[in-house]
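Worksheet for the structure shown next.
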Amino acid sequence: MRPIQMVDLKSQYDKIHDEINVQMQQVLDSATFIRGEKVTIFQRNLEKYLHVKHVIPVGNGTDALQIALMALGLQKGDEVITPTFTFIATVEVIALLGLTPVLVDVDSETFCMSPEAVRKAITKKTKAILPVHLFGQHADMEALKNIADEFQLFLVEDACQSMGSIYTFTNGLSCSTGCMGTVGCTSFFPSKNLGCFGDGGALFTNDDALADTIRSIANHGMEVRYHHDRVGVNSRLDSLQAAVLDVKLKYLDLYILARQQAAQFYDQALAGCERASPPVHQLKSTHAFHQYTLKLHHIDRNAVQIAMAQKNVPTMVYYPIPIHLQKAYAYLGYKSGDFPVAEQLSQQVLSLPMHTELDEEQLQYIINSLKLVLQ
Ligand SMILES: *Cc1c(COP(=O)(O)O)cnc(C)c1O
């Protein structure tokens, strides 16, 4: 059996090695490493894939989130509502810009922000809602969109973990992840659903004027060369990464299918298990399974992780501490007990190996090991 890893990027690369190398070699030969044609080609192909008007490639997912908030013209002290159970980057950019992160609890089944909690958190200073489609499944976008419309708030999607996932509204309209709100943000970090060989990210929007603003901010606040209309940043996807991404985009649906099949194997094997509940599937959203995350019951999670590691099965905890209990965010004034669902999840969750290259022998071994450990 091949060794089991949380993410196996090497085996994935081995299968598309020739195609990738040809594309990368073309970039090397052209020596256009920045703003080359590969970036434009990938951008257009991703626009087609997502059915969105504008994809703006940037340097990473954190930059994408920061640039999105900058482009909306938010002012110091404006409030942005976001979940406390997420990767730190979501909240970090809000804080960095001098905006106020207003944290809310999540739904215990989807792990995503609770629309009821969002409604309760709205004040006169609220300007935006920033849902995170955690682990590859969407937040309740229909409810969130209704709230955003009702209170005239921006809706910024953190789609860093949900590339390849689709959301379907009650009226039958299906949308790609990150393309439902005012603006969507994603990351092409190597282990993400669509990952490059370094850092990368992108913003998505259907708003022409907002797209222009985003492009300008990502390029030093400049539209005409050396004329700077606003304070910007330097954030761009380079040509080598775009070349890799353009090849991998062709396989994205197959990659998602491989993740879903691995998830289905886990789901079936764990059905009825008393000590671990598999992730609950939302009706309106497909699940891109960036992570396969269990909730453990009545068992010491740390001991489970150690016992699994002894059987050479890695596991991870995403995320062990919700944002409101992180030291850096103590200034926000939250305390233990404020967000009971997120606090409980942070004690309970355990993610199993999940990637595109898991074979049946590995899956069976992981499940056999887990069942022994959970006995
Ligand atoms: C990965 C990730 C980010 C940040 O992306 P980077 O490309 O690493 O900057 C932001 N939010 C979430 C939810 C993520 O998973």
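The values are calculated or read from the model by the stated rules, or taken from the named source; none is laboratory data. If you're wondering where the values come from, they're calculated on a predicted model, not measured in any experiment. Neighbour counts are summed over all protein chains in view; Cβ atoms, including those assigned to glycine, are modelled from backbone coordinates with ideal geometry. Just so you know, the surface numbers come from the protein's heavy atoms only, side chains and all, with ligands and any DNA or RNA stripped out. Shrake-Rupley method; radii C 1.70, N 1.55, O 1.52, S 1.80 Å.
Any idea which residue in region 186-222 is farthest from the ligand (Cβ to nearest atom), counting only those that are outside any strand (DSSP E or B) and of a type in the set (Val, Ile, Thr)? The extreme case among them is Thr213. Among the conditions (1) open to solvent by 50 Å² or more (accessible area, probe 1.4 Å); (2) in contact with a Ser or Thr (Cβ under 8 Å, 6 or more places away or on another chain); (3) more than 11 Å from the ligand (Cβ to nearest atom), the only one that Val39 does not satisfy is (1). With the structure loaded, tell me whether Leu283 is over 18 Å from the mean Cα position of the chain (by Cα), modelled with pLDDT under 95 and among the hydrophobic types (A, V, I, L, M, F, W, C) or whether it fails that test. Criteria met by Leu283. All of Ala121, Ala95, Ala117 fail the test of being within 16 Å of the ligand (Cβ to nearest atom), of a type in the set (A, V, I, L, M) and surrounded by fewer than 24 Cβ atoms within 10 Å (Cβ to Cβ), apart from Ala95. None of Cys160, Cys175, Cys179 is open to solvent by 10 Å² or more (accessible area, probe 1.4 Å), under 24 Å from Asp253 (Cα atoms) and within 16 Å of the ligand (Cβ to nearest atom) except Cys160.
Considered as a group, the residues in region 43-65 that are more than 16 Å from the ligand (Cβ to nearest atom) and among the hydrophobic types (A, V, I, L, M, F, W, C) include one that is farthest from the chain's Cα centre (by Cα), and that residue is Val52. Residues of region 251-272 that are more than 14 Å from Phe289 (Cβ to Cβ) and loosely packed, with under 14 Cβ neighbours inside 10 Å: Gln268, Ala271, Gly272.
For the condition open to solvent by 30 Å² or more (accessible area, probe 1.4 Å), polar (S, T, N, Q) and part of a helix (DSSP H, G or I), Gln362 does not qualify. Filtering region 327-358 to residues that are surrounded by 14 or more Cβ atoms within 10 Å (Cβ to Cβ) and charged (D, E, K, R) leaves Asp338, Glu343, Glu357. Hey, among the residues in region 68-92 that are open to solvent by less than 30 Å² (accessible area, probe 1.4 Å) and part of a helix (DSSP H, G or I), which one's farthest from the ligand (Cβ to nearest atom)? Checking each candidate, the answer is Ala71.
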